[in-house]
Amino acid sequence: MDRIGSSYDAVAGEYAERIGDELDGKPLDRALLGALAAMCGDGPLVDAGCGPGHVTAHLAGLGARAVGVDLSPGMVAVARRRRPDLAFVAGDLCRLPFGDGVFGGALAAYAVIHLDAAARRRAFAELHRVVRPGGPLLVSFHTAHLEHAGPVLHLSQWWGHEVDLDFRFLDPAEVAAELAAAGWTPHARVEREPLPGVEAPTRRCTLLALRG
Ligand SMILES: C[S@@+](CC[C@H](N)C(=O)[O-])C[C@H]1O[C@@H](n2cnc3c(N)ncnc32)[C@H](O)[C@@H]1O
């Protein structure tokens with residue numbers, strides 16, 4: 001986890017500049033986030049692996065009481081600077097700093113893409129612990145890179161910053177099985193192509209599951 005956190009510390013400011021407004025060009029993602037916010041009822045929502053907090057801010061704009069948590073203190077600092085009115089905390093998705101059942105729902109948007117299968121299982125179990133029964137979880141991840149073959153893309157440089165990151169391309173059926181093993185009931189699955197000029201050239205999947 002250390003190398004993931006320090007890598008995101010290195011790119012935090014630039015990530016916010018480049019990606020902080022991305023939802024403006026992503027109507028389908030906005031629709032999915034709208035569904036998530038609507039399904040949380042009056043409970044707060046945790047944005048796990050929130051990065052610079054732009055999605056947390058979007059959820060707050062929809063009326064959700066959204067809280068962001070991220071492994072990278074640099075990302076958390078950027079998120080707090082951008083939105084000092086919202087709550088952002090440093091923490092590991094595999095050991096969330098929250099009590100049992102305190103959230104109405106959860107989001108993990110491209111947050112498990114650096115985790116191996118064992119860590120993903122811990123993350124999904126932790127999300128299950130902090131979300132109340134029946135609450136929704138939205139998980140987004142990359143399934144394939146259009147210009148790179150293979151299940152993992154390793155980056156040692158990202159936008160000119162030194163990093164040490166493995167980007168994993170995940171099989172939706174495998175992630176769905178990991179969610180089910182952690183107690184999540186499948187509800188919806190959306191797969192899509194990348195939006196040219198808006199995002200990295202990767203195929204993506206979003207799974208919506210309900211806490212059993
Ligand atoms: C690709 S970024 C996605 C950020 C944001 N969710 C988005 O959609 O733009 C991945 C984020 O997940 C965070 N992350 C990775 N592993 C994590 C973990 N174990 N616990 C918490 N955050 C983690 C990283 O620090 C980074 O900010």
Under the rule rounded for a/c under 1.5, else prolate if a/b exceeds b/c, else oblate, using alpha carbon gyration tensor axes a ≥ b ≥ c, region 49-179 is classed as oblate
Can you give the alpha-carbon Rg of region 30-74 over 2.2 N^0.38 Å, where N counts its residues?
1.10
How big is the charge dipole of the chain about its Cα centre, in debye rounded to the nearest 20, if each Lys and Arg gets +1 on its Cβ and each Asp and Glu gets -1 on its Cβ?
620
Dipole in debye (nearest 20) - region 72-147, about Cα centre, beta carbon charges: Lys, Arg +1; Asp, Glu -1:
200
Please compute the modelled spin-label separation between ASP21 and ARG3, points set 7 Å along Cα→Cβ, answer in nm with one decimal.
3.5
Assign unit charges at the C-beta atoms only (+1 for Lys and Arg, -1 for Asp and Glu), then state the dipole size of region 158-198 relative to its Cα centre in Debye, rounded to the nearest 20.
240
Restricting attention to region 76-169, which GluC sites (Glu not before Pro) occupy a DSSP loop and are surrounded by at most 16 other Cβ atoms within 10 Å?
GLU147
Contour excess over end-to-end distance, with Cα ends at ASP42 and ARG122 and 0.36 nm allotted per residue:
26.1 nm
Need one number: nm distance between label points at ALA177 and LEU155, each 7 Å from Cα along Cα→Cβ, rounded to one decimal.
2.9
Below 8 Å, C-alpha to C-alpha, sequence gap of six or more: please give me the relative contact order for region 9-102 in percent.
27
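Values in this text are rule-based calculations from the coordinates and carry no lab data. Because the structure is a prediction, the values reported are computed rather than measured. Neighbour counts run over all protein chains shown; Cβ positions are idealised from the backbone, glycine included.
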